[in-house]
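I have placed the structure first, in the form of structure tokens, so that the comments after it can refer back to it.
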Amino acid sequence: MVAWLGALAVGVTLGLLGSGGSIVTVPVLVYLLHQPEKVAIAGSLGIVGGIAAVGGMMAAVRGKVDFRSVVWFGLPGMAGTYGGAWLAGLVSGAVQLFVFAVVMLVAAAFMVRPRPRPPAGAGHRGSRVLIAAEGLAVGVLTGFVGVGGGFLIVPALVLLGGLPMHVAVGTSLAIIALKSFAGFWKYLDVLADAGLRLDWQVLVTFTIVGAVGSLAGNLVSGRIPQAHLQRVFAIFLVVVGVFILWQSGSGLAS
């Protein structure tokens with residue numbers, strides 16, 4: 001039941017903020033369901049990809065997805081995620097979890113920053129190379145530690161792509177779905193090489209419960225002050241990130 005509540009929280013977070021889902025998923029899978037690190041990271045990609053796909057489709061129906069940005073950010077991101085998943089096969093799960101905790105703390109810093117505003121004269125076609133480059137870099141991070149990277153994608157879409165915030169959030173969900181599925185595909189090989197298996201029952205259950213949470217979060221996102229939500233979530237990230245740093249650091253030391 002606690003794990004199901006965690007899955008619901010993953011979906012609500014994605015629906016409200018367009019990011020943060022995988023940062024909740026990995027700790028739930030590792031510390032509540034006691035999955036090995038690599039299995040949890042692979043599972044996180046599958047779960048968050050499925051939830052983000054549902055949210056992205058809803059956003060697309062409402063005209064809140066910029067498909068040019070999906071192409072320019074998403075396709076390089078898919079390539080980067082595939083490469084990051086390959087790199088993950090070269091290191092231990094403890095190293096991945098340590099890097100994941102650092103990413104959580106960085107995400108907390110992004111959450112407490114003021115929301116970016118589209119620059120004057122938005123629509124920066126000259127920024128497409130920068131968008132593609134960041135898509136590739138965020139993709140590598142996604143594949144290596146299993147984070148969707150929405151906390152990096154949304155500001156990039158606003159500042160470099162000139163998108164309004166509500167469109168950036170919807171577009172972020174579509175991009176997260178594409179990147180997550182690319183990484184998940186590669187992780188099937190990584191897990192097979194390590195003699196590990198996914199728990200498909202957990203995967204499907206989390207995705208369904210999380211998708212319901214995402215729909216709920218999406219529906220109420222306009223009624224809750226985003227700044228307050230981000231601050232609360234940032235505090236959560238710091239607490240859990242420090243805990244994971246302590247846990248994974250002990251594993252690395254031993």
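The values are calculated or read from the model by the stated rules, or taken from the named source; none is laboratory data. Please read all numbers here as calculations on a predicted model, not as lab measurements. Glycine also receives a Cβ, built like all others from the backbone with ideal geometry; neighbour counts cover every protein chain displayed.
Table for the structure above
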| read-out | value |
| --- | --- |
| Filter result for L136 (farther than 23 Å from L215 by Cβ, among the aliphatic types (A, V, I, L, M), assigned to a helix (DSSP H, G or I) and modelled with pLDDT under 85) | no |
| Subset of segment 154-164 that is more than 15 Å from the chain's Cα centre (by Cα) and without any contact (Cβ under 8 Å) to a residue 60 or more places away in the chain - its residue that is surrounded by the fewest Cβ atoms within 10 Å (Cβ to Cβ) | P164 |
| Any chance L29 is closer than 10 Å to G146 by Cβ, touching a residue at least 24 places away in the same chain (Cβ under 8 Å) and of a type outside the set (S, T, Y) | yes |
| Failed criterion for V220 (all others in (1) of a type in the set (A, V, I, L, M); (2) touching a residue at least 40 places away in the same chain (Cβ under 8 Å); (3) closer than 18 Å to V48 by Cβ hold) | (3) |
| Sole exception among (1) polar (S, T, N, Q); (2) modelled with pLDDT of 80 or more; (3) surrounded by fewer than 16 Cβ atoms within 10 Å (Cβ to Cβ); (4) under 19 Å from the mean Cα position of the chain (by Cα) for Q201, by number | (4) |
| Number of the exception - V238 against (1) loosely packed, with under 13 Cβ neighbours inside 10 Å; (2) modelled with pLDDT of 80 or more | (1) |
| Among the residues listed as G183, G241, G148, the single one being part of a loop (DSSP other than H, G, I, E, B), of a type in the set (G, A, S) and under 18 Å from the mean Cα position of the chain (by Cα) | G148 |
